[in-house]
Amino acid sequence: MLELLGAGLIGLGAVFFVAGTVGLLRFPDVFCRLHALTKADGLGLALIALGVALQAGTGGAVFRIALIWGFVALASATCGHLIARHARQMAGGRHD
Amino acid sequence: MCATSPMRQNAGARVQTLTLADRQDHPQAQAVPALRPDTGPDTSPDTGPDTGPDTGPQRRQRLRRWLTSALVLAVIWGLLTNWRADAVVFGLPAVVVGATLGAFLPPAPGWRLSLRGALAFALWFGVQSVRGAIDVAGRAFSPDMALRPCFRPYPLTLPQGAPRVMFINTITLLPGTLSAEIHGDTLIVHMLDARTALEPELADLESRIRALFALPPSPEHS
């Protein structure tokens, strides 16, 4: 039962990763693409981590998965901001 | 490697100054040090109630910071490697280098968490990140995407340090918004759809972060 639920969560997570990738390919500029990457992939990873944690046996493994998710979430928000800032400065800091 | 060490040092500084304060007895006294301008980071650190005056204990303070970061890093390493003895060969140098690099960073302003605020924030954060991801995934799969991107300025009123960083990072997870650039006290937000309202959402997030860090309610911002 738990295995099935875990597999379902991992599958759902994969759908969000696909959505993030489709957004990356279809969205018109770097800023919109960052929205797709930070948000869709972030939830995709969270769902996959949750699914794997359900199947993991030990508390240590669950903690490691949570730690990895936390670091990736922090890094993706920070990197998204840094890429957006760089893109704006390259574009000459246009404001609208 | 060098990208991760500031973050880990933050974790160290966090543990050092973290005290749970749910009743908000004296939020003013604690919050004021964090409100100082971001100019002298190399002045004496005011990280908490037990920090002595400037005379002398700078060295002890630094040593304590180093030990705290080293301890936090060592525990993380131990949990990551399942306390395997042979992993210490890599872990020990990494912990020493990480803690030492962290000691060169300017000390972060002290802050504390409200337990009730943190629980409420975690729940809200989960719901919002699901909303944000579904919104952007729907646009990615929809034929016309319904994009009308724009940039909007937003005044930052949260104190420097952890509350402001939390605010800026969380904006990126809210539906349709991305924190793009910071000019002093103004944040430039990128929006996927210019027709949606920005200010109410961000004001709401701001008050939630004030609750999370046990800060007094916003003085001038409405």
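Once both axes come from the Cα atoms, what is the angle between helix A:41-55 and the longest principal axis of chain A, in degrees from 0 to 90, rounded to 10?
It works out to around 10 degrees.
For chain A, modelled as a Gaussian network with Cα springs under 10 Å, which listed residue fluctuates most, A:34, A:67, A:47?
Of A:34, A:67, A:47, the Gaussian network model singles out A:67 as fluctuating most.
Let me check I've understood the local charge: for residue B:122, count other residues with C-beta under 12 angstrom from its C-beta, Lys and Arg +1, Asp and Glu -1. What total comes out?
Numbers: positive: B:116, B:208; negative: none.
The answer is +2.
So how tilted is helix A:2-26 from the main axis of chain A? Cα-based, degrees 0 to 90, rounded to 10.
Around 10 degrees separate the two axes.
Springs between alpha-carbon atoms under 10 Å, Gaussian network over chain A: tell me which of A:61, A:46, A:14 tops the mean-square fluctuations.
Of the options given, A:61 has the highest mean-square fluctuation.
With the other protein chains left in place, how much accessible area per residue, in square angstrom, belongs to region B:137-222 at a 1.4 angstrom probe?
Numbers: 3410 Å² over 86 residues.
Solvent-accessible surface per residue comes out at 40 Å².
Nearest 100 Å², what total accessible surface is buried between chain B and chain A (probe 1.4 Å)? Each step should come with its number before you reach the end.
Working: alone 13570 and 6640 Å², together 16990 Å².
Summed over both sides, the interface buries about 3200 Å².
Quick one: if the Förster radius is 45 Å, what FRET efficiency do residue A:14 and residue B:62 give, using the C-beta to C-beta distance and rounding to 0.05? Mind dumping the intermediate values first?
On the way: r = 47 Å, r/R0 = 1.04.
The formula returns an efficiency of 0.45 here.
Using the eigenvalues of the Cα gyration tensor, what equivalent ellipsoid semi-axes result for region B:115-212 when each is taken as the square root of five times the eigenvalue, whole Å, largest first?
Numbers: eigenvalues 112, 62, 17 Å².
Working through the eigenvalues yields semi-axes of 24, 18, 9 Å.
Given q = 0.13, 0.19 Å⁻¹, what are the Debye log10 I(q)/I(0) values for region B:49-149, with equal point scatterers placed on the Cα positions and solvent ignored?
Debye output, listed in q order: -0.81, -0.98.
Put +1 on the Cβ of each Lys and Arg and -1 on the Cβ of each Asp and Glu in region B:115-212; which of B:145, B:157, B:125 then has its Cα farthest toward the positive end of the dipole?
B:125
The values are calculated or read from the model by the stated rules, or taken from the named source; none is laboratory data. Being a predicted model, the structure only gives us computed values, none of them experimental. Virtual Cβ from ideal backbone geometry, glycine too; neighbours counted across all protein chains shown. With ligands, DNA and RNA removed, areas are computed over all heavy atoms of the protein, side chains included. Shrake-Rupley method; radii C 1.70, N 1.55, O 1.52, S 1.80 Å.
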